[in-house]
Amino acid sequence: MSSLRQLSDMTNRVVLITGGAGHLGLAMAEALAEAGATIAIIDLDQTSIDQAIAHLTQLYGGKHFGLAMDLADDLAISEVPGWLNQHYGKLDVLIHSASLVGTSGLKGWATSFKEQELTTWKKALDVNMTSVFSLIQHCLPLLERSYSASIINISSIYGVAGQKMSMYSDMNYLTPAAYATSKGGLVQLTKYLATVLPPIRVNCISPGGIERGQDERFQNRYKNMTPLGRMGCEEDFKGVCHFLASDLSKYVTGQNIIVDGGWSL
């Protein structure tokens, strides 16, 4: 019987993380690099990618790489397997952390429903959901060669629950419909793929609100609605990411793990 240390060991595993230079993506990259994995990052900005790679290398060593890419560009996505083959020759874990979020600053985005724009809706679905479908399709031959492949989709509490409108009272802000819709779609895509892709495991993480300098009124309202009495932080997601990426979860698939301090209860 394998020990916990053996099951949690990510040595010789290659992990691709979209949005890996962002707050949550980098936290997950840290967790898996610390466990021994080699990290490949896809994000929009090469400077941010280079900083993330330097950070991981300084902390954990290894040969990590990054690629700047717009995930709304399917032609660019189609080149990812070749890039992975060039650098690693394999892929064991695919994590979809990139997304357009409520603070992305797009026109007709985080505003009242009447003012949300169709072009922005389409772009959000392209990045948040369609790119996930496309990247999995393109990377499938590599994942099928892995002896312990895992796909992790990052959804949101707004992919499983409705808006609590009292949190937004007197604020010129609302989580976009496209964000909630795309994140809900990822939960169902996870269940679908878990049934059609075995032995590849496919699971989902749905984060609650993460504290990043939001309006103090919003933070207080959120905390008052949450049994654990606080918003999340990036560190809260390291453990569940490691669990789903490693052999600790080798008999777990099709699950959506909600990490929200009890907010959605």
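The values are calculated or read from the model by the stated rules, or taken from the named source; none is laboratory data. Predicted model, so just to flag it, every value in this text is computed and none were measured. FYI the Cβ positions are ideal-geometry reconstructions off the backbone, even for glycines, and counts take in every protein chain you see. Ligands, DNA and RNA are stripped out before the accessible areas are found, and what is left, the full protein with its side chains, is counted by its heavy atoms. Shrake-Rupley method; radii C 1.70, N 1.55, O 1.52, S 1.80 Å.
Scanning the range 200-223 for residues that are assigned to a loop (DSSP other than H, G, I, E, B) and farther than 30 Å from Pro141 by Cα, which turns out most open to solvent (accessible area, probe 1.4 Å)?
Arg212
Scan the range 125-174 for residues that are surrounded by 21 or more Cβ atoms within 10 Å (Cβ to Cβ) and not aliphatic (A, V, I, L, M) and jot them down.
Matches in the range 125-174: Asn128, Ser131, Ser150, Asn153, Ser155, Ser156, Tyr158, Gly159.
Which one is modelled with the lowest pLDDT among residues in the range 72-103 that are among the hydrophobic types (A, V, I, L, M, F, W, C) and in a loop (DSSP other than H, G, I, E, B)? First the steps, then the outcome.
First, pick out the residues of the range 72-103 that are among the hydrophobic types (A, V, I, L, M, F, W, C): 72, 75-77, 80, 83-84, 91, 93-95, 98, 100-101.
With in a loop (DSSP other than H, G, I, E, B) added as a condition, the list becomes 72, 91, 98, 100-101.
Details: Ala72: 91, Leu91: 98, Ala98: 95, Leu100: 85, Val101: 76.
Checking each candidate, the answer is Val101.
Across the range 104-130, what is the number of residues that are modelled with pLDDT under 90, under 20 Å from the mean Cα position of the chain (by Cα) and hydroxyl-bearing (Ser, Thr, Tyr)?
Result for the range 104-130: 1.
Suppose we filter the range 36-94 for residues that are touching a strand residue (DSSP E or B) at 6+ places or on another chain (Cβ under 8 Å) and closer than 21 Å to Asp9 by Cα; how many remain?
17
Quick check on Ile42: is it open to solvent by less than 10 Å² (accessible area, probe 1.4 Å) and either touching a Phe, Trp or Tyr at 6+ places or on another chain (Cβ under 9 Å) or more than 21 Å from Asp247 (Cβ to Cβ) (or both)?
Values: open to solvent by less than 10 Å² (accessible area, probe 1.4 Å): yes; either touching a Phe, Trp or Tyr at 6+ places or on another chain (Cβ under 9 Å) or more than 21 Å from Asp247 (Cβ to Cβ) (or both): yes.
So Ile42 fits the description; yes.
Which residue, of Leu71, Leu16, is under 16 Å from the mean Cα position of the chain (by Cα) and within 19 Å of Ser146 (Cβ to Cβ)? Give the steps one after another, and end with the answer.
Values: Leu71 fails: within 19 Å of Ser146 (Cβ to Cβ).
Just one listed residue meets the conditions, Leu16.
How many residues does the range 224-247 contain that are open to solvent by 60 Å² or more (accessible area, probe 1.4 Å) and part of a helix (DSSP H, G or I)?
3
So which residues in the range 66-75 are under 11 Å from Ile42 (Cα atoms) and either of a type outside the set (A, V, I, L, M, F, W, C) or buried (at least 17 other Cβ atoms within 10 Å of the Cβ) (or both), if there are any at all? Spell out the reasoning first.
From the range 66-75, those under 11 Å from Ile42 (Cα atoms) are 66-71; that's our starting set.
Once the filter is applied, which keeps residues that are under 11 Å from Ile42 (Cα atoms) and either of a type outside the set (A, V, I, L, M, F, W, C) or buried (at least 17 other Cβ atoms within 10 Å of the Cβ) (or both), the range 66-75 yields Gly66, Leu67, Met69, Asp70, Leu71.
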